[in-house]
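The structure under discussion appears below in the form of structure tokens.
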Amino acid sequence: MAHPALLYQPLAEGKVRCTACARYCTIPVGSHGFCFVRKNEGGRLELLSYGKAAAVQVDPVEKKPLSHFHPGTRVYSIGTVGCNWRCLYCQNAEISQEQEVVGRPLSPRQAVEGALRYGCSGVTFTYNEPTIFIEYALDVIREARAAGLFANFVTNGYMTPEATELLGPHLSAVSVDFKGSGEPGFMRKYVSAKGPEPIWSTMADLQRRGVHVEVTDLIVPEVGDSVEATRVLARRVHDDLGPSTPFHLLRFHPDYKMMDLPETPIPTLEKLHAVAKAEGLEYVYLGNVWGHPLEHTYCPACGAIAVRRYGFTIQAWNLDAANRCRACGHAIPIVGRLPREYVPSFAMPVS
């Protein structure tokens, strides 16, 4: 259903300028923006995908990935159609690149009722870029917060100051996914976006507003696995967001229009992990490599395993009631505690 947009500016001749994402699309009457879901109807911007869910699923929060935010909880994940990027390897291309606005009806209240029904602690907007349906997401978030749930974005971070101002008071956490370590050449060629500066502004602004921020970098072999680019990205995360910012290096798998590349070699990920650590980041993780020791949270003070992980499952929680390392007492910056009722989805031996 169409719904009035909040983020836009009227222009001459009935045109509008969308201010939700950093593309700042100028849209003539009857046309839509780059995302396909924000349309100029008679000089007013409308969100066509409001209340139309193309994907709904219950996930562990660690899948987002968020390793330092309410670990061991479940989230009600919601996605719609459309996107403001054109990632050639998108694993959700069947919805993110869909040009027809489709989806099953899911009102904000129904979304929160679903989250509560399945025992979720929060709602997450994911699978496609949530910035493009920010008005819908915001209404869900308000319902969720009123019900005692948290709210997260899994985002490319290509927002505007107008969007972060709107979201900031309501959002709990974001997982921001850099592409090709934010190299402008990679972004232009493989995701159809300009340079990463809007992403940095988004993260800094949301963090200033009290939103928990974690950073991911999908390592695409052969075309997006530069040691120097990773070094620059890690250094800026350290300097702009702080050394305790969780930093995830994700393994690529072939998808969509990039089926000719292999999965990221694990030695490549391990090498880049060492690069990020050398830049002073305290919590660096490898993702999509279940069973690897670099999935764990290590205490930066003594090196002990503070949280032992296997994929999205927590195997051991070696923190006290204040999230301090049991081995040395160093405070680990994790928002929330492991739920008392947490039970791993499968048993693994813990040494």
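Things worth noting here:
- Answer residue from the stretch 314-333, given it is aliphatic (A, V, I, L, M) and outside any strand (DSSP E or B) and is surrounded by the most Cβ atoms within 10 Å (Cβ to Cβ) among those: ILE332
- Flag for TYR256 being of a type in the set (Phe, Trp, Tyr), farther than 21 Å from GLN207 by Cβ, outside the structural domain of GLU94 (by TED's automatic domain parsing) and surrounded by fewer than 19 Cβ atoms within 10 Å (Cβ to Cβ): no
This table checks each residue for (1) outside any helix (DSSP H, G or I); (2) modelled with pLDDT of 95 or more; (3) not assigned by TED's automatic domain parsing to the domain that holds ARG86.
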residue: LEU249; (1), (2), (3): yes, yes, no
residue: THR264; (1), (2), (3): yes, yes, no
residue: TYR285; (1), (2), (3): yes, yes, no
residue: ARG308; (1), (2), (3): yes, yes, yes
residue: ARG340; (1), (2), (3): yes, no, yes
residue: MET348; (1), (2), (3): yes, no, yes
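- Condition met for VAL61 (β-branched (Val, Ile, Thr) and over 30 Å from TYR283 (Cα atoms)): no
- Qualifying positions in the stretch 196-222 - part of a loop (DSSP other than H, G, I, E, B) and closer than 24 Å to PRO254 by Cα: PRO196, PRO221, GLU222
- Of the criteria (1) part of a loop (DSSP other than H, G, I, E, B); (2) under 25 Å from ASN318 (Cβ atoms), which one HIS273 fails: (1)
- Summed over the stretch 219-244, residues that are surrounded by fewer than 23 Cβ atoms within 10 Å (Cβ to Cβ), within 17 Å of LEU281 (Cα to Cα) and touching a strand residue (DSSP E or B) at 6+ places or on another chain (Cβ under 8 Å) total 1.
- The set of residues in the stretch 11-33 being assigned to a loop (DSSP other than H, G, I, E, B) and more than 17 Å from LYS194 (Cα to Cα) consists of LEU11, LYS15, PRO28, VAL29, GLY30, SER31.
- Within the stretch 34-52, being free of Cβ contacts under 8 Å to residues at least 40 places away in the same chain and either assigned by TED's automatic domain parsing to the domain that holds THR164 or not in a strand (DSSP E or B) (or both) holds for GLY42, GLY43.
- Residue list for the stretch 166-185, filter: more than 21 Å from GLY287 (Cα to Cα), more than 15 Å from the chain's Cα centre (by Cα) and buried (at least 19 other Cβ atoms within 10 Å of the Cβ): LEU166
- Members of the stretch 166-195 that are assigned to a strand (DSSP E or B) and basic (Lys, Arg): LYS179
- Members of the stretch 53-80 that are in a loop (DSSP other than H, G, I, E, B), hydrophobic (A, V, I, L, M, F, W, C) and either under 17 Å from PRO246 (Cα atoms) or without any contact (Cβ under 8 Å) to a residue 60 or more places away in the chain (or both): LEU66
- The single condition from (1) surrounded by fewer than 16 Cβ atoms within 10 Å (Cβ to Cβ); (2) of a type in the set (D, E, K, R); (3) touching a residue at least 12 places away in the same chain (Cβ under 8 Å) that ASP205 fails is (1).
- Qualifying residue in the stretch 34-56 (condition: β-branched (Val, Ile, Thr), within 25 Å of the chain's Cα centre (by Cα) and surrounded by fewer than 21 Cβ atoms within 10 Å (Cβ to Cβ)): yes
The values are calculated or read from the model by the stated rules, or taken from the named source; none is laboratory data. This structure is a prediction, so every number in the text was calculated from the model and none was measured. Positions of Cβ are backbone-derived with ideal geometry, glycine not excepted, and every protein chain shown enters the neighbour counts.
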